[in-house]
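Report on the following structure.
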Amino acid sequence: MRTMGKFEDQLLDRLLTQHGHLLAAEHPAATATAPKRHRARWVAAVGTVAAVAAGVVVAQAPFGETPVASAAVAEALNSAADKIGSADPVVAPGQYLYVESHRWDMGSYVLAKDGMSEAERRMSESGRTVSYLQENVIQTWVPYDRNQEWMQRSYATGKREWLQGTEAELRAAGVDPDAPSPEVRRAKCGDFYPEGGMRPCEREGSWQEPTPEFVAELPTDPEELYEEILDEAEEDGDDPAAAVLEFVDDAIQRGLMPAALRANLYRALAFVPDLKIKDRNANLDGRIGISFGIDRNGKREEVIIDSKTGQYIGGRTTVLAGGELPAGTVISYSALSTSVVGELGALPAR
Amino acid sequence: MARPHRAEAPPGGRIAEFEQVYRAHVRDVTAYFARRTRDPQNVADLTADTFVRAITSFAAFDPARGSPRGWLLGIARHVFARYCEGVSRGRDAAARLAGWRELDVDEAAELVVRIDAERSGRALLDGMAELSQADRDVIELVDIAGMDRGEAAVALGISPGAMRIRLFRARGRLRKVVGENHG
């Protein structure tokens with residue numbers, strides 16, 4: 001405790017003399033509300049304030065508060081969480097969980113000008129850009145026993161949407177946008193892309209690769225869960241609020257998060273400042289849901305949730321004004337569906 | 001000068017608790033204002049105003065919900081905002097704070113020392129003039145006043161998670177401003 005001077009002593013005396021009676025009452029903290037949130041009052045203090053007082057160095061009204069997710073956002077997320085229930089598809093021994101992800105991802109090429117070397121082309125910002133969205137499908141079969149063999153088949157459907165330039169331009173420049181397709185991988189524990197020296201099933205879980213062990217260790221309290229995601233999101237270097245949304249999107253879009261955790265992830269999202277309802281009738285792959293999004297760094301990141309069932313429909317990234325592409329251009333989206341099938345490689349009845 | 005008579009209370013009661021909070025943190029409050037004004041009388045008035053509000057709402061202060069320092073600096077911040085608002089509207093700040101006596105020479109001298117001690121913090125705040133008030137608030141509380149993020153969240157009336165995000169963004173913007181001015 002630091003020592004007090006005469007001023008502090010005098011002030012304490014005056015305080016206790018003039019207002020000490022306020023303290024004599026019984027301890028009513030249990031019933032009174034702590035003065036925790038002053039936001040409404042702060043927001044009222046609008047108006048530019050000039051530092052006109054003699055000696056006042058820093059004087060400006062405290063506006064520009066970052067709002068936490070609004071009541072409407074929290075309510076919609078919590079309501080969606082309530083509706084998820086325990087509605088996980090039940091996979092019996094011998095059966096497979098089938099996860100199908102439809103994705104539109106952006107491909108972008110900078111075309112060489114005549115006489116430009118490959119290295120120059122790579123460095124060039126003056127070359128003509130051709131960009132397009134391409135539809136990809138990723139099908140994953142997850143065995144009842146997740147330590148057993150999984151299969152993943154990914155392919156481009158050949159559907160493209162040209163955003164800048166044309167396909168003819170791209171082909172004329174010697175670029176074939178058709179990836180070799182489809183690609184099939186098999187691996188125990190779903191470790192399709194083992195990192196150097198790692199054997200399957202040794203992977204440490206992450207938000208992008210949630211293992212059952214990783215999932216089991218997550219906090220069950222939504223705010224703690226939010227803090228946990230934030231720990232990781234801060235490392236991400238980008239904007240943490242947008243990163244939290246992306247992490248949740250990453251985690252859910254694999255289709256492997258149990259219902260209770262998905263519900264908690266929605267509840268955790270209610271703690272993200274700036275999260276807004278962007279569209280109550282967002283259409284993703286023909287399914288309608290409510291979109292929760294954040295605008296950051298020229299992009300809008302959204303997750304879209306079916307408000308009737310609470311099920312996650314997918315994620316979407318849209319460019320905002322100010323970039324090369326027109327505002328509102330969708331530059332990636334993914335839609336998820338899951339079902340149960342009888343064998344590896346089988347498709348659900350449509 | 002005779003010591004004023006104090007309200008009676010059992011030992012360990014709320015008076016003792018308030019006194020303890022006061023003794024522990026009054027210097028944080030004077031420092032907070034010393035970073036904003038070089039006038040000792042202003043520091044004194046604003047500190048007094050803060051603690052009048054604190055003693056009035058002490059009954060509602062629940063230590064379980066946050067540190068006393070966070071709570072006090074939250075009040076200080078509010079007091080300063082009200083003060084600025086009054087100044088900008090041409091109201092005489094002294095009138096609002098009527099009832100507080102003038103500092104004597106010793107007290108003024110003490111506060112001048114305090115104000116001087118906050119010179120570097122004040123310069124830092126000055127240097128952040130391009131940042132929004134919200135950005136400066138978080139940087140001041142965490143990086144200048146040395147509060148942990150949870151305490152600062154209480155002071156600003158926001159959730160700890162929102163605090164972390166705000167601090168992250170504010171530091172990013174500060175780096176950008178510093179980079180632009182010196183880079």
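The values are calculated or read from the model by the stated rules, or taken from the named source; none is laboratory data. It should be emphasised that the depicted structure is a prediction, and the values quoted were computed from it without experimental measurement. A quick note on method: Cβ atoms are made from the backbone with ideal geometry, for glycine too, and the neighbour counts reach across all protein chains shown. These area figures cover heavy atoms from the full protein model, side chains too; ligands, DNA and RNA do not enter into them. Shrake-Rupley method; radii C 1.70, N 1.55, O 1.52, S 1.80 Å.
Listed values, structure above:
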read-out: Matching residues, segment B:14-34, being open to solvent by less than 30 Å² (accessible area, probe 1.4 Å) and closer than 19 Å to A:Gln18 by Cβ; value: B:Arg14, B:Ile15, B:Phe18, B:Val21, B:Tyr22, B:Val26, B:Val29
read-out: Segment B:160-181, subset open to solvent by 10 Å² or more (accessible area, probe 1.4 Å) and small (Gly, Ala, Ser), residue farthest from the other protein chains (Cβ to nearest Cβ); value: B:Gly179
read-out: Some residue of segment A:223-237 being among the small types (Gly, Ala, Ser) and in contact (Cβ under 8 Å) with a residue 24 or more places away in the chain; value: no
read-out: Breaking point among (1) part of a helix (DSSP H, G or I); (2) open to solvent by 10 Å² or more (accessible area, probe 1.4 Å), for B:Gly146; value: (1)
read-out: Within segment A:311-350, considering residues that are surrounded by fewer than 17 Cβ atoms within 10 Å (Cβ to Cβ) and under 15 Å from A:Arg296 (Cα atoms), the one modelled with the highest pLDDT; value: A:Leu320
read-out: Tally of residues being aliphatic (A, V, I, L, M), in contact with a strand residue (DSSP E or B) (Cβ under 9 Å, 6 or more places away or on another chain) and open to solvent by 60 Å² or more (accessible area, probe 1.4 Å) across segment A:153-179; value: 1
read-out: Which numbered condition B:Leu131 fails, given (1) in a helix (DSSP H, G or I); (2) within 30 Å of A:Ala74 (Cα to Cα); value: (1)
read-out: Qualifying positions in segment A:214-243 - under 12 Å from A:Arg267 (Cα atoms), open to solvent by 70 Å² or more (accessible area, probe 1.4 Å) and in a helix (DSSP H, G or I); value: A:Glu224
read-out: Condition met for B:Val52 (under 15 Å from the mean Cα position of the chain (by Cα) and within 22 Å of B:Asp137 (Cα to Cα)); value: no
read-out: Residue identified as touching a Lys or Arg at 6+ places or on another chain (Cβ under 7 Å) and β-branched (Val, Ile, Thr) among A:Val272, A:Val319; value: A:Val319
read-out: A:Arg2 being within 22 Å of B:Ala152 (Cβ to Cβ), open to solvent by 70 Å² or more (accessible area, probe 1.4 Å), modelled with pLDDT of 60 or more and at the interface with chain B (Cβ under 8 Å from one of its Cβ atoms); value: yes
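Conditions (1) at pLDDT 90 or above; (2) out of contact with any Cys (no Cβ under 7 Å at 6 or more places or on another chain); (3) open to solvent by less than 30 Å² (accessible area, probe 1.4 Å); (4) assigned by TED's automatic domain parsing to the domain that holds B:Val105, marked per residue:
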position	(1), (2), (3), (4)
B:Arg36	no, yes, yes, yes
B:Asp39	no, yes, no, yes
B:Asn42	no, yes, yes, yes
B:Thr50	yes, yes, yes, yes
B:Phe58	no, yes, yes, yes
B:Asp62	no, yes, no, yes
B:Gly66	no, yes, yes, yes
B:Leu72	yes, yes, yes, yes
